[in-house]
1. Answer rounded, prolate or oblate for the stretch 1-60, using the Cα gyration tensor with square roots of eigenvalues a ≥ b ≥ c: rounded when a/c is under 1.5, else prolate when a/b is larger than b/c, else oblate.
2. Match the structure shown to one of the listed values (i) 16.6; (ii) 20.3; (iii) 17.5 of Kirkwood radius over Cα pairs in Å, computed from it, and give that label.
3. Which of Ala92, Ala43, Ala20 moves the most in a Gaussian network model of the chain with Cα springs under 10 Å?
4. Rounded to the nearest 10 degrees, what's the angle between the helix 11-23 long axis and the longest principal axis of the chain, both from Cα atoms, 0 to 90?
5. Can you list the lysines whose alpha carbon sits under 16 Å from that of Lys69, skipping same-chain ones fewer than 8 residues off?
6. Could you calculate the contour length gain from Thr63 to Thr163, that is, 0.36 nm times the residue separation minus the distance between their Cα atoms, to one decimal place in nm?
7. How large is the helix-only mean residue ellipticity at 222 nm for the chain, computed as the sum of -39500 (n - 2.57) over DSSP H runs with n ≥ 4, divided by its residue count, in deg cm²/dmol to the nearest 500?
8. I'd like the trypsin sites (Lys or Arg not before Pro) in the stretch 11-116 restricted to DSSP loop residues with at most 14 other Cβ atoms within 10 Å, sorted by number.
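Any read-out appearing in this document is the output of simple, stated calculations on the displayed coordinates, not a laboratory observation. Keep in mind it's a predicted model, so treat the numbers as computed, not measured. A quick note on method: Cβ atoms are made from the backbone with ideal geometry, for glycine too, and the neighbour counts reach across all protein chains shown.
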Amino acid sequence: MSRILILEDDAALRQTLARAFSRRGHSVVEAADLTGLAGALEAPPKIEWAVLDLGLPDGSGLTAIETLKEATPDIRIAVLTGYGSISSAVEAMRRGATDYLTKPADVDQILAVLEGTTVNAEGAEHNPASLQRVEWEHIQRVLRDSGGNVTRAAEKLGVHRRTLQRKLSYRPPAE
């Protein structure tokens, strides 16, 4: 089968995914951070698929996408994150990710992304994002476009800086 890299800082999730992929006949390489990624890329055979977390202790999974694409241009990459946003999804796809999934993601969903198939798309219920979720994602995008400057982002959004700081202190709304 395929050789899969799992780049995830949560040891329990990483080991659970590794066991699930191994049971399905895949060879698995695990790494907890970007430093471990460098070691994983050096060992043959080449990695064909990767499952990446965006939030890593020593950097961003977005950096890992570029590193993996340079090493193996045809690699298929599934990005997992606990705090997904439209802007981070767009950025991950722009850098070369195959797909973007929010945690918790089912192993079958991840494999469907990596294999290029779909998981029961027919009959799947469409659930649009809530207004709060869309607002949170818009704020994140404007803040990123403002270079992380809260005052500048508040001006662009037409809200008081303290109002924006209060909104930023909340966790992202569940989908």
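1. Note, shape of the stretch 1-60 comes out oblate.
2. Read-out taken from this structure: (iii).
3. Between Ala92, Ala43, Ala20, it is Ala43 that shows the largest mean-square fluctuation.
4. 40 degrees
5. List returned: Lys46.
6. 32.8 nm
7. Working: 8 runs with 84 residues, N = 175.
One gets -14500 deg cm²/dmol as the mean residue ellipticity at 222 nm.
8. Counting only loop positions with at most 14 other Cβ atoms within 10 Å, the trypsin sites (Lys or Arg not before Pro) in the stretch 11-116 are Arg24, Lys46.
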